[in-house]
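The structure appears below as structure tokens.
The values are calculated or read from the model by the stated rules, or taken from the named source; none is laboratory data. Since we're looking at a predicted model, the values are computed, not measured. Using ideal geometry, Cβ is built from the backbone for each residue, glycine included, and neighbour counts are taken over all protein chains shown.
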Amino acid sequence: MKRTFLLIALLTSSILSFGQVIVGEVDINQIDDLEVIEVLVDNRSLIRSVDVMVDYGHLQNEVNAWGKRLESRITDPDTKERMVFKSSAHVINFLEKRGWKNYSVVTREGVFYYYFRWNKE
């Protein structure tokens, strides 16, 4: 019985998390009028990952209903922890697998600004 419940729970959580892009606490794929996002990727860090922030039109210091400041980082839907990306390509592949298409990039002093459009197909 416990094994059956565990199997159902694992399958359900993997189905629910497929295709989600969680920024802080918000699944940006569920925002109806959202069409474009800006993804800032900073490669200047000395650590082995890149710093990634997503701007989907929210205010950087906006707070949720509980008074907690909304985060601009992509978080794992299961663990609620900040996701770690190894490179810009890692971020691009992650977003494109979830329905976002990169259409432009701008770079300034080691910081890349990737622009993605929601794929409505």
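When K68 is evaluated against the numbered criteria (1) out of contact with any Leu (no Cβ under 9 Å at 6 or more places or on another chain); (2) at pLDDT below 90; (3) surrounded by 12 or more Cβ atoms within 10 Å (Cβ to Cβ), which criterion, by number, is the only one it fails?
Going through (1) out of contact with any Leu (no Cβ under 9 Å at 6 or more places or on another chain); (2) at pLDDT below 90; (3) surrounded by 12 or more Cβ atoms within 10 Å (Cβ to Cβ) one by one, K68 breaks only (3).
Tell me which of these K86 doesn't satisfy, since it passes every other one: (1) exposed (fewer than 15 other Cβ atoms within 10 Å of the Cβ); (2) out of contact with any Ser or Thr (no Cβ under 9 Å at 6 or more places or on another chain); (3) under 18 Å from R44 (Cβ atoms); (4) modelled with pLDDT of 90 or more.
So the condition that K86 fails would be (2).
With buried (at least 17 other Cβ atoms within 10 Å of the Cβ), modelled with pLDDT of 90 or more, closer than 20 Å to V105 by Cα and more than 10 Å from the chain's Cα centre (by Cα) as the only criterion, which of V41, V52 stands out?
After applying the criteria, what remains is V41.
Let's see how each residue does on (1) acidic (D, E); (2) outside any loop (DSSP other than H, G, I, E, B); (3) surrounded by fewer than 15 Cβ atoms within 10 Å (Cβ to Cβ); (4) touching a Leu at 6+ places or on another chain (Cβ under 6 Å):
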| site | (1), (2), (3), (4) |
| --- | --- |
| S72 | no, no, no, no |
| T79 | no, no, yes, no |
| H90 | no, yes, no, no |
| N93 | no, yes, yes, no |
| K101 | no, yes, yes, no |
| V106 | no, yes, yes, no |
| Y114 | no, yes, no, no |
